[in-house]
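In what follows, a single structure is set out as structure tokens and then discussed.
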Amino acid sequence: MLNRIAAVFLTLGFAYAAFQLTMNQSFVNPYPVVCDLVLDKIYLPNKEISQWHRQCMQRSQMVTPYTKKNLILRDINNTLSTLQVSHLEIYDAPEVRGIWKGEVKETGLSGEFVDSELVVFKVFPQSPAERLGFKKGDVIVTINGEQPSSWAMESEAGDYQVHRGNDEFTLKLHPGVVKRDENMQITKVSDKMALLEVPSFRAEFFKDEKIKPIADELKKYRSVVIDLRNNAGGNFVAGLRFLSMFICEPTLVGRLEKPKSNLGKAEMPDILNDEKQLEILEKSREVNLRTFRSPNCYTGSLKVLVDGRTSSVAEMVGQALKEYKGAPLRGAPSRGQLLVGVWYPMDELAPGVQISIPEALYISGKGHRIEGHGVQLDKVLYYNLPQMQAGIDSWVKSYQD
């Protein structure tokens, strides 16, 4: 009997050892892959990040075949954040879809604090929030009985206590997949002024058939307010095509510099394809960003709005409009994040996971470095609570006064 029990335990021991061996042989630690890839690709000189690389490799030794993937991803991002540069982050598959396809799981609400009140600035069409009846100007008092935040209202499920006019009520809101319409949109402000909202610089929104109707419509107005708030950027040529709607002659508005490259200079062609743009960057140390000839361009007065979420290519556009069209920039300091992030798959973590690594930096035509500084604001604005609650955008109104 004892011999049989011993045989069973011996068999289980061999099976466990075989399982352990299989796990160890099939496991690929993604941490050192990230450490080496960042060292090789990032625009910073190796001597500046050699110590970071050593610390990254030391951190990688804490990972085992049994460490959960989400914990590895979170820890790698914490390590990446110590370099304090933008466009350096690992994204899981849903985040990648949200960035590149505009599909995110969210409530459909967007807003900010105004005089200590969290006010809804926008309710996205066909979103859970719109279906529940949320309105622009609503004040979110609490979420699940807790003090709300602008980030929580975009994604958190639960009971939303809402203040609207003289009424106060609770709506139960659950996030869902929201397909945002990030096409440019024109709103008439007055007979002489229009608001041009530009939510994104993704390539798909700046094809010729998208741009021409907008350019034609703008000519009805003497003045245009270009709204770059909440615009996280996108494609460089999309940004150049947008600028060409207002800068009539080809103009060098900035350049991309890739310090680790020993190759020559190039000019960014009028090609929206992201891969083609990266090919040009890969073969060059410096890439000039020049607008394109546009005989149908707008020649009226321009004004620009930015905020703390205006980032990347949107910052390039705002700064160029200031430098070459004399357009005043108003709002809140932009994010100051304008590096060229190149995306790489991280299948070692999970399918669909990708890492963005900044390989080049942007310098404006007048020599302004946006990374770490943001655009050069002319005036800081503050939202007016009664106006926002009434559905009046006080920042747009500042350009009417």
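Could you check the stretch 137-243 for helices (runs of 4 or more DSSP H) lying wholly inside it with 2 or more residues that are surrounded by fewer than 22 Cβ atoms within 10 Å (Cβ to Cβ) and not aliphatic (A, V, I, L, M)?
In the stretch 137-243, 152-155, 208-218 are the helices (runs of 4 or more DSSP H) which contain 2 or more residues that are surrounded by fewer than 22 Cβ atoms within 10 Å (Cβ to Cβ) and not aliphatic (A, V, I, L, M).
Take the conditions under 21 Å from the mean Cα position of the chain (by Cα) and in the same structural domain as Pro250 (by TED's automatic domain parsing) and apply them to Thr310. Does it pass?
Taking the combined requirement at face value, the residue satisfies it.
Could you tell me which residue of the stretch 262-298 is modelled with the lowest pLDDT, considering only residues that are in contact with a strand residue (DSSP E or B) (Cβ under 7 Å, 6 or more places away or on another chain) and part of a helix (DSSP H, G or I)?
Leu278
Looking at Thr299, is it under 25 Å from Pro358 (Cβ atoms), in contact (Cβ under 8 Å) with a residue 12 or more places away in the chain and either of a type in the set (Ser, Thr, Tyr) or not assigned by TED's automatic domain parsing to the domain that holds Gln319 (or both)?
The answer is no for Thr299.
Can Asp167 be described as out of contact with any helix residue (DSSP H, G or I) (no Cβ under 9 Å at 6 or more places or on another chain) and without any contact (Cβ under 8 Å) to a residue 24 or more places away in the chain? Show your work before the answer.
Details: out of contact with any helix residue (DSSP H, G or I) (no Cβ under 9 Å at 6 or more places or on another chain): yes; without any contact (Cβ under 8 Å) to a residue 24 or more places away in the chain: yes.
In short, yes.
What pairs can you find where one residue is in the stretch 273-296 and free of Cβ contacts under 8 Å to residues at least 40 places away in the same chain, the other is surrounded by fewer than 18 Cβ atoms within 10 Å (Cβ to Cβ) and not in a strand (DSSP E or B), and their Cβ atoms are less than 7 Å apart, with a gap of 6+ or different chains?
Lys283/Leu263; Ser284/Ser261; Ser284/Leu263; Ser284/Gly264; Arg285/Ser261; Arg285/Asn262; Arg285/Leu263; Arg285/Gly264
Among the strands (runs of 3 or more DSSP E) lying completely within the stretch 1-119, list those that include at least 2 residues that are at pLDDT below 90.
In the stretch 1-119, 89-91, 103-106 are the strands (runs of 3 or more DSSP E) which contain 2 or more residues that are at pLDDT below 90.
Do you know which residues across the stretch 342-395 are of a type in the set (D, E, K, R) and either buried (at least 18 other Cβ atoms within 10 Å of the Cβ) or in a strand (DSSP E or B) (or both)? Break it down into steps so the answer makes sense when it comes.
Start the filter on the stretch 342-395 by keeping residues that are of a type in the set (D, E, K, R), which leaves 347-348, 359, 366, 369, 371, 378-379, 393.
If the condition is that a residue be of a type in the set (D, E, K, R) and either buried (at least 18 other Cβ atoms within 10 Å of the Cβ) or in a strand (DSSP E or B) (or both), then Glu359, Arg369, Glu371, Lys379, Asp393 are the ones that fit.
Looking at Arg290, Arg285 in this structure, which one is more than 18 Å from Ala238 (Cα to Cα) and assigned by TED's automatic domain parsing to the domain that holds Val225?
Result: Arg285 is the single residue among Arg290, Arg285 that is more than 18 Å from Ala238 (Cα to Cα) and assigned by TED's automatic domain parsing to the domain that holds Val225.
The values are calculated or read from the model by the stated rules, or taken from the named source; none is laboratory data. Keep in mind the model is a prediction, meaning the values are calculated, not measured. Every residue, glycine among them, receives a Cβ derived from its backbone with ideal geometry; neighbour counts consider all protein chains shown.
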